């Protein structure tokens, strides 16, 4: 997996994708969007990968859209603009729908589309000096494509404020709102991410994937008979599956389950 705008490596069962346009604060362009889509689609199909870390090189995690790319959009037709927006939307969906848990390793500021990117991840570990901003309104734009992910991550009430004010806010605020899972010092960042990845890899791989789908499928649904039946069916399938049987047997036998190898 060779990329122009990303670095990629797999160590053990953990894949790390690193945004690698530090000279432009890892801003998106067409190439990065296409490569992120391709990378997450490929990772979705890999059985040897149990967790994904999304990282970035340089001072900023991601500053949103590349200004030169945005200048090109000014001359696009409506159809071209829609197609371009759909490429970004499909990239965010590839991150969100990846069947492996995705940890965002946020070493610096995340603005605009960068906030959409981390909001599509499952766990966000950020340095306590990072800042966040939904800056689109300053440019007369709206954060439409990233909205489904950001609103889920921030909550509706916070989104009401930060979408319209375009204020920057600090990591402590991001943690309080739930966007950031852990706020740590720069010295602790790698150790915290590694510990989370190790924890994920210790769990049943099929169970982890099913847990990720469970949250996405259940969140926001009406608590009705259909939902109750759906969740009962899911746990029944899991109990009857090979991984579930192995997990219970290993616990009773006081041994490590087979997936810890």
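The values are calculated or read from the model by the stated rules, or taken from the named source; none is laboratory data. As the structure is a prediction and not an experimental result, all values here were calculated from the model. Glycine gets a Cβ as well: all are built from the backbone with ideal geometry, and neighbour counts include every protein chain shown.
What to note about this one:
- Only one of 179, 189 that is under 19 Å from the mean Cα position of the chain (by Cα), crowded, with 16+ Cβ neighbours inside 10 Å, modelled with pLDDT of 95 or more and not in a helix (DSSP H, G or I): 179
- Test: residue 83 is assigned to a helix (DSSP H, G or I), more than 12 Å from the chain's Cα centre (by Cα), surrounded by 17 or more Cβ atoms within 10 Å (Cβ to Cβ) and at negative phi: no
- Options 245, 239, 213, 152; residue that is outside the structural domain of residue 53 (by TED's automatic domain parsing) and either under 23 Å from residue 94 (Cα atoms) or buried (at least 16 other Cβ atoms within 10 Å of the Cβ) (or both): 213
For (1) in contact with a strand residue (DSSP E or B) (Cβ under 9 Å, 6 or more places away or on another chain); (2) closer than 25 Å to residue 43 by Cα, each residue gets a yes or a no:
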residue: 91; (1), (2): yes, yes
residue: 94; (1), (2): no, yes
residue: 103; (1), (2): yes, yes
residue: 110; (1), (2): yes, yes
residue: 124; (1), (2): yes, yes
residue: 143; (1), (2): no, no
residue: 147; (1), (2): no, yes
residue: 155; (1), (2): no, no
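- Among (1) within 30 Å of residue 135 (Cα to Cα); (2) in contact with a helix residue (DSSP H, G or I) (Cβ under 7 Å, 6 or more places away or on another chain); (3) surrounded by fewer than 16 Cβ atoms within 10 Å (Cβ to Cβ), the one test that residue 184 misses: (3)
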